[in-house]
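To start, the structure itself, in structure tokens.
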Amino acid sequence: MNRGLGLIIILTLFCSFASALPPGFCLGEEGGLALGVFAPEKTPSGEEHILLDEIQAFREKIGRPIAIGVFSDEWMNDRKFPAENAKTLRNEGMVPYIRFMMRSSDTPYQKEPFYTLSNIALGKFDGELISWAREARSFGSPILIEYGTEINQWNYPWNGYWNGNQKGQDLFKDAYRHIIRIMREEGASNLIWIYHVNAESQPADEWNNMTGYYPGDEYCDLVAVSLFGTKKPFETGTKKFSDAIYSTLSTLQAGGIQKPILLITGTDVQSRFEDPATFVSNVLSSLSGQTWPDIKGLIWLNAAWKNDNNPLHDTSMRLQDNATVAAAFKSGLQTIQIQGLLTCS
């Protein structure tokens with residue numbers, strides 16, 4: 001069997017077994033693609049803030065409606081449901097996508113001392129989770145939500161590296177299921193749960209595979225896949241997008257994970273060695289050709305941050321910072337059917 005035929009068979013199976021999404025939420029209708037944006041502050045922290053001017057700048061650059069707005073709910077700051085942020089996005093015509101960050105710090109590569117997987121599964125935060133769920137239920141309209149951002153990345157404390165490696169996968173599943181059971185018991189049926197993986201596992205050990213943390217179909221509605229180009233202006237040798245997405249979707253399918261996909265992507269728009277406009281064009285040309293029919297949404301990380309004390313090393317994925325990349329994005333969208341609204345009756 002050649003690779004092209006094998007890919008068609010894999011993706012056909014992947015699509016045909018995908019389960020229905022909850023009532024009131026429509027994604028990928030008639031082949032449409034939903035666009036989303038994550039535009040946090042230009043600092044390592046601040047992902048819990050909604051910056052409407054940044055979202056508007058992104059929207060103006062691409063010239064298409066934005067259906068999904070992403071932000072983090074940081075429990076290191078507050079354990080309450082982020083009602084104001086969610087309302088702000090809804091008022092802008094977007095479905096909120098909440099990164100449910102039960103952690104004590106946003107400093108990467110460290111063990112979590114308080115919001116541990118064991119403590120979550122044992123119910124030590126049930127009171128807060130119950131209150132959160134009731135407020136989410138009162139919000140009334142659909143909310144996308146994930147716990148365990150990029151679960152196969154060891155920079156996050158829920159990764160198995162910090163929780164006993166292989167044992168950590170089971171601990172994560174216990175915690176994830178416990179959170180969702182609490183939310184469902186409180187009637188928060190408007191929450192649409194996302195299992196979020198990175199295209200490459202780090203560390204790249206066999207136990208840290210992207211499918212091993214999966215809590216089961218009954219607990220997940222969608223899968224988010226992070227797949228980026230260059231993350232720093234001096235990086236080289238990035239993997240071709242089509243090869244990377246083929247490998248990722250094949251791995252998910254082989255592991256029995258058959259859900260609609262949200263692709264989360266971005267690339268350093270000031271890259272010195274890899275052409276960011278080419279990366280954007282490759283992503284959008286792949287999506288326009290319906291090669292990946294289970295990708296129902298494209299979310300761009302429109303962010304900037306420092307990597308060290310040298311400003312020449314700063315990363316920016318903001319389309320506003322490179323007119324050529326923004327033009328490639330806008331042009332690439334012309335052949336894609338864009339779904340402007342995700343809520344339905």
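The values are calculated or read from the model by the stated rules, or taken from the named source; none is laboratory data. None of these values were measured; they are calculated from a predicted model. Don't worry about glycine lacking a Cβ; one is built from the backbone with ideal geometry, like all the others, and counts go over all protein chains shown.
Results, tabulated for the structure shown:
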{"item": "Filtered residue count, the range 240-284, keeping only those that are out of contact with any Pro (no Cβ under 7 Å at 6 or more places or on another chain) and either charged (D, E, K, R) or part of a helix (DSSP H, G or I) (or both)", "result": "27"}
{"item": "Count of residues meeting criterion [part of a loop (DSSP other than H, G, I, E, B), closer than 25 Å to Ile295 by Cβ, more than 15 Å from the chain's Cα centre (by Cα) and modelled with pLDDT under 95] in the range 28-78", "result": "2"}
{"item": "Number of the exception - Phe279 against (1) under 30 Å from Leu171 (Cα atoms); (2) touching a Phe, Trp or Tyr at 6+ places or on another chain (Cβ under 7 Å)", "result": "(1)"}
{"item": "Which numbered condition Pro260 misses (of (1) at positive phi; (2) in contact with an Asp or Glu (Cβ under 9 Å, 6 or more places away or on another chain); (3) not acidic (Asp, Glu))", "result": "(1)"}
{"item": "In the range 209-223, residue farthest from Asn190 (Cα to Cα) [restricted to those that are touching a helix residue (DSSP H, G or I) at 6+ places or on another chain (Cβ under 7 Å) and hydrophobic (A, V, I, L, M, F, W, C)]", "result": "Met210"}
{"item": "Selection status of Ala175, modelled with pLDDT of 95 or more and touching an Asp or Glu at 6+ places or on another chain (Cβ under 6 Å)", "result": "no"}
{"item": "Any hit, the range 256-276, residues being in contact with a helix residue (DSSP H, G or I) (Cβ under 9 Å, 6 or more places away or on another chain), of a type in the set (Ser, Thr, Tyr) and surrounded by fewer than 20 Cβ atoms within 10 Å (Cβ to Cβ)", "result": "no"}
{"item": "Total residues in the range 292-331, condition free of Cβ contacts under 8 Å to residues at least 12 places away in the same chain and not small (Gly, Ala, Ser)", "result": "4"}
{"item": "Pairs where the first residue, in the range 135-164, is without any contact (Cβ under 8 Å) to a residue 40 or more places away in the chain and the second is outside any loop (DSSP other than H, G, I, E, B) and surrounded by fewer than 18 Cβ atoms within 10 Å (Cβ to Cβ), C-beta under 7 Å, 6+ apart", "result": "none"}
{"item": "Matching residues in the range 1-27 - criterion: being at pLDDT below 90, of a type in the set (A, V, I, L, M, F, W, C) and either surrounded by 15 or more Cβ atoms within 10 Å (Cβ to Cβ) or within 20 Å of the chain's Cα centre (by Cα) (or both)", "result": "Leu7, Ile10, Leu11, Phe14, Cys15, Ala18, Ala20, Leu21, Phe25"}
{"item": "Residue list for the range 221-240, filter: over 17 Å from the mean Cα position of the chain (by Cα) and crowded, with 19+ Cβ neighbours inside 10 Å", "result": "Thr230, Pro233"}
